[in-house]
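Okay, structure first, notes after.
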Amino acid sequence: GKLDVPPQNLVSVSAPIGGFLKSTDMLEGKHVTKGEVIAVIEHPEIAQMQQDFIEAKSKYDFLEQELKRQEELSKENVNSAKVMQQTQSDFNIAQAKYKSLEEKIRMAGINKANVLKGNISGLLTVTSPINGYVTKVNVNIGKMINQQDVMFEIVDTEHLHAELTVFEKDITKIKVGQKVRFTLADDPDKELTATVHLIGRSFDDTRSVRIHCHLDKENTELLPGMFINA
């Protein structure tokens, strides 16, 4: 089998908004911490989105007050039902636009309070979502980054597990909780241990089943993808 990490411990980092990569010092093998800035992206649309958000918030606030005023007039039968309906419609549209831009601001990691204070910037910082090591760097400074592009891959190696292949004739001998002895393919003299945690429920093309084992002791020298014999 081989060493691997759970899906939540391997993260592909993309840009929430497209733009040009202004700066990064990421290299394969570099350790990063959660929340650390790993890249800075620059694009005029980043500033435009913030300006649109301020305008949407202003219109939303205005129409919210106008709706309250029209509701009071409606209670006193001063205004017509048509005026009230139009004001409600305008408010609903403004609210939808404001909430949509608010969500875009949040997803981009931009501080909403700072934007509403008038602090608009064309720069966007991308931070690491986990603690771990950079395993792939797919960008360089000056490159145009699209939202679907994977800029970096980061892996948290603290929860490595062993993914083993057991053939059909032996699968009935495997039980959850059993101890596993394994060695690295390139270091057969060093024996490590793990415990069977999950047993697969289907056969692959080679009539074998995948077994998921937790390492008994964390080892920072081990890396995902290493081949092992167990």
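Just so you know, all these numbers are worked out from the coordinates, no wet-lab data involved. Please read all numbers here as calculations on a predicted model, not as lab measurements. So basically every Cβ, Gly included, is an ideal-geometry build from the backbone, and we count neighbours across all protein chains shown.
If the Kirkwood radius is taken over C-alpha pairs of the range 1-67, then at 37 °C and 0.692 mPa s the Stokes-Einstein diffusion coefficient equals 204 µm²/s.
According to the square roots a ≥ b ≥ c of the eigenvalues of the Cα gyration tensor, what is the shape class of the range 105-160, taking rounded for a/c under 1.5, prolate for a/b larger than b/c otherwise, and oblate for the remainder?
Taking the square roots of the gyration eigenvalues as a ≥ b ≥ c, the range 105-160 is oblate.
The angle separating the long axis of helix 44-75 from the principal Cα axis of greatest extent in the chain is about 50 degrees.
Under Stokes-Einstein, with the Kirkwood radius over Cα pairs standing in for Rh, what whole-number D in µm²/s applies to the range 62-149 at 4 °C and 1.567 mPa s? D, rounded to a whole number, is 75 µm²/s. For the chain, relative contact order (Cα pairs under 8 Å, six or more residues apart, normalised by length) works out to 31 percent. The calculated P(r) of the chain, using every Cα pair and 10 Å bins from 0, goes 7, 21, 19, 16, 14, 11, 7, 3, 1, 0 in percent.
Taking each of Lys2/Lys190; Lys22/Lys136; Lys22/Lys97; Lys34/Lys97 in turn, the alpha-carbon distance tops 26 angstrom for Lys22/Lys97; Lys34/Lys97.
With respect to the chain, whose longest principal axis is taken over its alpha-carbon atoms, helix 81-107 is tilted by about 30°. Each Lys and Arg Cβ is given +1 and each Asp and Glu Cβ -1; about its Cα centre, the chain then shows a dipole of about 480 debye.
Each part reduced to its alpha carbon centroid, the range 37-88 and the range 127-193 end up 48 Å apart. In a simple Cβ point-charge model (Lys, Arg +1; Asp, Glu -1; nothing else charged), the range 25-130 has a dipole of about 220 debye relative to its Cα centre. From the Cα gyration tensor of the range 94-133, with a ≥ b ≥ c the square roots of its eigenvalues, which class applies: rounded if a/c is under 1.5, or else prolate if a/b is larger than b/c, or else oblate? Oblate.
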